[in-house]
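The values are calculated or read from the model by the stated rules, or taken from the named source; none is laboratory data. What you see is a predicted model, and the numbers here were worked out from it, not measured in a lab. Positions of Cβ are generated from backbone atoms using ideal geometry, with glycine treated the same way; all protein chains shown enter the neighbour counts. These accessible areas exclude ligands, DNA and RNA; they are computed on the full protein's heavy atoms, side chains included. Shrake-Rupley method; radii C 1.70, N 1.55, O 1.52, S 1.80 Å.
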Protein chains: 2
Amino acid sequence: MLKRFLPILDWLPKYSKDQLQGDLSAGLTVGVMLIPQGMAYAMLAGLDPIHGLYAVTVPLMLYAVLGTSRQLAVGPVAMVSLLTAAGIGALQPATPELYLVYALTAAFLVGIFQLAMGVFRLGFLVSLLSHPVISGFTSAAAIIIGLSQLKHLLRIDLPKSEHIQEMMVALAKNIGNTHLLTVGIGLIAIVVIKYGKKIHKSLPTSLLAVMLGILAVWGLNLTEQGIKIVGEVPSGLPGLSAPSFDPAVWKSLLSVALTISLVGFMESFAVAKAIQAKHKDYQVDANQELIALGTANLGAAFFQGYPITGGFSRTAVNDQAGAKTGMASIFSAILIVLTLLFLTPLFYYLPNAVLAAVVIVAVIGLIDLKEAFHLWKEDRSDFWMLIATFVITLTMGIETGIGAGVVLSLAMVVYRSTRPHIAVLGKVPNSTYYRNVQRFEKLEQREDILMLRMDGPLYFANLTYFKDRLMNLMTARGKALKAVIINADSISHVDSSAVHALKDWVTEIQAQGITLYFTSLIGPVRDIFAKTGLVELIGENHLYMSNQQAVDHFDHTPSNQGETQDYKDYALQSNVKK
Amino acid sequence: MLKRFLPILDWLPKYSKDQLQGDLSAGLTVGVMLIPQGMAYAMLAGLDPIHGLYAVTVPLMLYAVLGTSRQLAVGPVAMVSLLTAAGIGALQPATPELYLVYALTAAFLVGIFQLAMGVFRLGFLVSLLSHPVISGFTSAAAIIIGLSQLKHLLRIDLPKSEHIQEMMVALAKNIGNTHLLTVGIGLIAIVVIKYGKKIHKSLPTSLLAVMLGILAVWGLNLTEQGIKIVGEVPSGLPGLSAPSFDPAVWKSLLSVALTISLVGFMESFAVAKAIQAKHKDYQVDANQELIALGTANLGAAFFQGYPITGGFSRTAVNDQAGAKTGMASIFSAILIVLTLLFLTPLFYYLPNAVLAAVVIVAVIGLIDLKEAFHLWKEDRSDFWMLIATFVITLTMGIETGIGAGVVLSLAMVVYRSTRPHIAVLGKVPNSTYYRNVQRFEKLEQREDILMLRMDGPLYFANLTYFKDRLMNLMTARGKALKAVIINADSISHVDSSAVHALKDWVTEIQAQGITLYFTSLIGPVRDIFAKTGLVELIGENHLYMSNQQAVDHFDHTPSNQGETQDYKDYALQSNVKK
């Protein structure tokens, strides 16, 4: 029982030397990666770089104790950093100190939300984010993040914004002031980070670029040439900090905190599940993950961090480097603690442009054109969903983008169910199968029988559509029509509005002297038919298990095409007690 | 072509004497009904009674020309009058003149909305209102309308409100001031209107109550006893009037006008369809109906009326009295015109309490307890939908009520599809049928085969649910499991997120050495499987038309249970061009 709430108890008691070796190597690799990334993402979030390092001390340890994934590497990530910057930027805090308090408050609220979602088992909420929405949203956010770093890469003044149109205007106005030496350093850093990997896969290229940058600025005295540097980085561990408890501040951070909670959890849980599927020696649990991430964010709030979550690429590196348990994260945290204690003076000469390069390389990989091409070919309506989410995110902001994506994709689900696929069926020659006459040639259709299959639930919003289609098909048959057979195989639900309508239709069709059959009702729908008296109205001998049985009944022939019984009990079974 | 836009051309050229007789009788009957109802509903809307009569002059003639229903009787109705009162009341107009301008503006906006909806063919929008939502909303609105008339029936001061809690508090405070003579007149009127019908079905009981009321007040000099009367009613035809074109007024009336447009159209179209189903010598068209009602409302806006729509009981009376064409409406309008020209002085002594009685009798019939009882027994979730709509409408207002109803019922559609019904199938002995093992005894289940049927679309929001269920079922089978057969009969759609997930699952299941089959894919889903490469991944010989064929393939036995071919072409057909 205790293990359920403290997953660390699952692996710590049986910790082995084998695991230690993998964890140590992975922990140090990720720690080395975290130093430049933490500082770069903190800068993206609008904070001093040091807070990116603070954010990977206590929170990492908390996740190691509470998390169900054994390879997930939590910490600052690009998306959440951007969301933080956008959310706090909108409040226009007067001083950097106030900005930090807002960031701590955001982490605090994210922690509370995620904890609450975990406790109330709302982990399923992330399944409302469909693949095209996530893809369109991520690509757009990556572009916004990349553009936001041009400020440091070109050393020009750009106002904070998360709307592409404003960014482009500001860029056009200021691009003349580009500082060429800064651009040069930035581009070299990008090349080192991106193509260094080609020399050796596990080369810590970001850290390499950071070191080269520091050496170049210090050795060549580039600050005198106008290169902007990180400057004084305080040394020592993070002190205790407190978020704001002002309800007005909470209210204005509410929506961004909710977005971070969901988006952060989604990113984290997706990678945790993907890695777990490779290992299979443990299970990840959505609700416990929420509790672990929530607690980690509370840790960030009280130890000078800012909102964090599980990172995609960082987790992959952790896994490849051999991480076996949460101990890897603890080693990463220890490396960061040592850095904070002894190495911060080294970062004085670190150029901002190099940190910008770290961010840009990280987000370029998130721009996913392939998925858009894929969807264009495979699912046109999901393609437009992706494009809509992408454009709204780019032009109207991150939170609006993801919100609109969710609403649009749910609206599409409803819209699709209002115009269900309806097929007219014909008989496959010499068999008892009936199939869509528009898809197969040589199917046998009889003039006196109209056989239909409707695919989807029959409910208030598609009643008119179904009725119109049915009536048109019946009218087209004219006087020859003597029987209508509705194959209800794929009618997954019938609501009360549909029951009312069905009663009218059944009476109406029977009044025209046409015999009406329903075949292959699924169990839950049979229950509804039994409960509401539709069975009596249609007649027990007009409900069959198969289309052929209905046709045979209509022809007054005993079932003879491969049937030896009429399976009446099966066609009429329901769980309703009379 | 012209007939499509002017349905009057359909019947006027071949107008017959027979039709004339029916239309004249029906037109006069409805006209007589319209006199008290028009005045009563105008009072309900917060207007002088005369505007209820103005509203049934020009608009009736416009509908006769443009409408597709031949029996629909348009004019003021209770629900729309209440919505008008609630919408304008919220704006707190300073003078009765301003109140009238707002009412004209509401009619104008309703006209524009309905016209636009008709032109853009948005008539299907009303199908978003489910049966339980309409029922709960109508019952609650009827109660609010009835309570709003207590002011006139008891002759006490009650503030305008559409929230039951405020109404009850005000009623409790003021009920001590009840004027007993007024109550007496009102109750007599109610009895006359309601039970007079028992003497003779076609007795115009409302008009009778009005005449009795006028005679009593005039003959017994009851105004001196404190009976409130209608007073001066201007005679003559309505002059031209203009709605406001102030954008601020439009903005504040927007939401109520939209609600009236939808609710009014819904009420009108429902009765038009019901009557058409009896006659069958013409068709009603949702979009042309919107155009006709929209134009009629514009007529109301420019000739001193207020928002109108097709009325339920009035249309039934029109039909029973023999209406054959729109000419009946024209006769009704002529009767009202004659009344306006010559009879208005007669209404001077008409007691308000009698008009209140007209409204109360009309709305009492709308309170629908039976439907709630029905749903309690037949569809519990729709029962709660009805109750939620009912309670929200009563306590939070008419517009909020119907909006919440629509949102709730769509949310329910989505929610239901996120947890689709999943059945484990077993074989019906001595047959090739497979059915839900939880519903039938004696089904044959094999240890090595897990056969599932999922009912509903497979899409982003139910992927996790389906995967979890599948994995739990597979785990429960343990090592014995060798094949999984997914019966896709009732999977109505597969979106791009599901395709991504399916690819992962197929690979994952195959990697465990378990053979995976899909059977009975419907056409549109086959297309998606073909287009996205799922067919290749699953393997063409793992897709079958029936469950038995998959089992036979797994057993390496030729199909022999009633099958003579394997129908491969049918199982693999798709409309996708390779």
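Odds and ends about this structure:
- Residues of the stretch B:189-222 that turn out to be in contact (Cβ under 8 Å) with a residue 60 or more places away in the chain, surrounded by 15 or more Cβ atoms within 10 Å (Cβ to Cβ) and of a type in the set (S, T, N, Q), as a count: 1
- Within the stretch A:228-237, the set of residues being surrounded by 16 or more Cβ atoms within 10 Å (Cβ to Cβ) and at pLDDT below 90 comprises A:Val230, A:Val233.
- Matching option when the condition is modelled with pLDDT of 75 or more and outside any helix (DSSP H, G or I), among A:Ser559, A:Ser574: A:Ser574
- Test: residue in the stretch A:250-267 that is in contact (Cβ under 8 Å) with a residue 12 or more places away in the chain, over 19 Å from A:Leu128 (Cα atoms) and within 14 Å of chain B (Cβ to nearest Cβ): no
- Residue match in the stretch B:273-284 (condition: open to solvent by less than 60 Å² (accessible area, probe 1.4 Å), within 14 Å of chain A (Cβ to nearest Cβ) and not in a helix (DSSP H, G or I)): yes
- When each of B:Leu6, B:Leu44 is tested for being over 17 Å from B:Ala316 (Cβ atoms) and buried (at least 19 other Cβ atoms within 10 Å of the Cβ), the lone residue that passes is B:Leu44.
- Residue that is surrounded by the most Cβ atoms within 10 Å (Cβ to Cβ), among those in the stretch A:9-39 that are farther than 21 Å from A:Tyr54 by Cβ and among the small types (Gly, Ala, Ser): A:Ala26
- Residue match in the stretch B:517-538 (condition: farther than 19 Å from B:Arg453 by Cα, at pLDDT 90 or above, in a loop (DSSP other than H, G, I, E, B) and out of contact with any helix residue (DSSP H, G or I) (no Cβ under 9 Å at 6 or more places or on another chain)): no
- Inside the stretch B:408-430, residues that are more than 11 Å from chain A (Cβ to nearest Cβ) and open to solvent by 50 Å² or more (accessible area, probe 1.4 Å) make up a count of 1.
- Of residues in the stretch A:501-551 being among the small types (Gly, Ala, Ser) and within 14 Å of another protein chain (Cβ to nearest Cβ), the one farthest from B:Leu425 (Cα to Cα): A:Ala511
- Matching helices (runs of 4 or more DSSP H) fully within the stretch B:334-409 where at least 1 residues are free of Cβ contacts under 8 Å to residues at least 40 places away in the same chain: B:369-378, B:380-396
- Number of positions in the stretch A:283-302 that are modelled with pLDDT under 95 and more than 17 Å from A:Phe5 (Cα to Cα): 0
- Applying the criterion of being modelled with pLDDT of 90 or more and either under 30 Å from B:Glu371 (Cβ atoms) or aliphatic (A, V, I, L, M) (or both) to the residues of the stretch A:541-556, the residue that is most open to solvent (accessible area, probe 1.4 Å) is A:His542.
- Residue in the stretch A:167-187 that is at pLDDT 90 or above, in contact with a Ser or Thr (Cβ under 6 Å, 6 or more places away or on another chain) and over 30 Å from A:Asn297 (Cα atoms) present: yes
- Counted residues, the stretch B:144-165 - those being more than 30 Å from B:Gln225 (Cα to Cα) and surrounded by fewer than 23 Cβ atoms within 10 Å (Cβ to Cβ): 3
- A:Phe245 open to solvent by 80 Å² or more (accessible area, probe 1.4 Å), within 32 Å of the chain's Cα centre (by Cα) and closer than 25 Å to A:Ile50 by Cα: yes
- Within the stretch A:458-472, being touching a strand residue (DSSP E or B) at 6+ places or on another chain (Cβ under 9 Å) and surrounded by fewer than 16 Cβ atoms within 10 Å (Cβ to Cβ) holds for no residue.
- Which numbered condition A:Ser496 fails, given (1) more than 26 Å from B:Glu378 (Cα to Cα); (2) in contact with a His (Cβ under 7 Å, 6 or more places away or on another chain): (1)
- Meets criteria (open to solvent by less than 30 Å² (accessible area, probe 1.4 Å) and farther than 16 Å from B:Gly405 by Cα) for B:Gly87: yes
- For B:Thr393, the requirement of being under 21 Å from B:His374 (Cβ atoms) and either more than 7 Å from chain A (Cβ to nearest Cβ) or in contact with a Cys (Cβ under 6 Å, 6 or more places away or on another chain) (or both) is met.
- Residue in the stretch A:498-519 that is more than 39 Å from the chain's Cα centre (by Cα), small (Gly, Ala, Ser) and open to solvent by 20 Å² or more (accessible area, probe 1.4 Å) present: yes
- Whichever residue in the stretch A:441-470 is more than 39 Å from the chain's Cα centre (by Cα) and among the hydrophobic types (A, V, I, L, M, F, W, C) and, among such residues, is farthest from the other protein chains (Cβ to nearest Cβ): A:Ile449
- Restricting the stretch B:471-500 to residues that are within 23 Å of B:Val413 (Cα to Cα) and in a helix (DSSP H, G or I), the residue that is farthest from the other protein chains (Cβ to nearest Cβ): B:Ala498
- Pick from the stretch B:431-440, criterion part of a loop (DSSP other than H, G, I, E, B) and within 23 Å of A:Pro457 (Cβ to Cβ), ranking: farthest from the other protein chains (Cβ to nearest Cβ): B:Gln438
- Among helices (runs of 4 or more DSSP H) entirely within the stretch A:86-183, having at least 1 residues that are within 30 Å of A:Arg4 (Cβ to Cβ) and over 22 Å from the mean Cα position of the chain (by Cα) singles out A:96-119.
- For A:Phe137, the criteria (1) open to solvent by 10 Å² or more (accessible area, probe 1.4 Å); (2) out of contact with any Leu (no Cβ under 7 Å at 6 or more places or on another chain); (3) closer than 30 Å to B:Arg416 by Cα hold in every case but one, which is (1).
- A:Leu125 meets all of the listed conditions (1) without any contact (Cβ under 8 Å) to a residue 12 or more places away in the chain; (2) open to solvent by 40 Å² or more (accessible area, probe 1.4 Å); (3) within 14 Å of chain B (Cβ to nearest Cβ) but one, namely (1).
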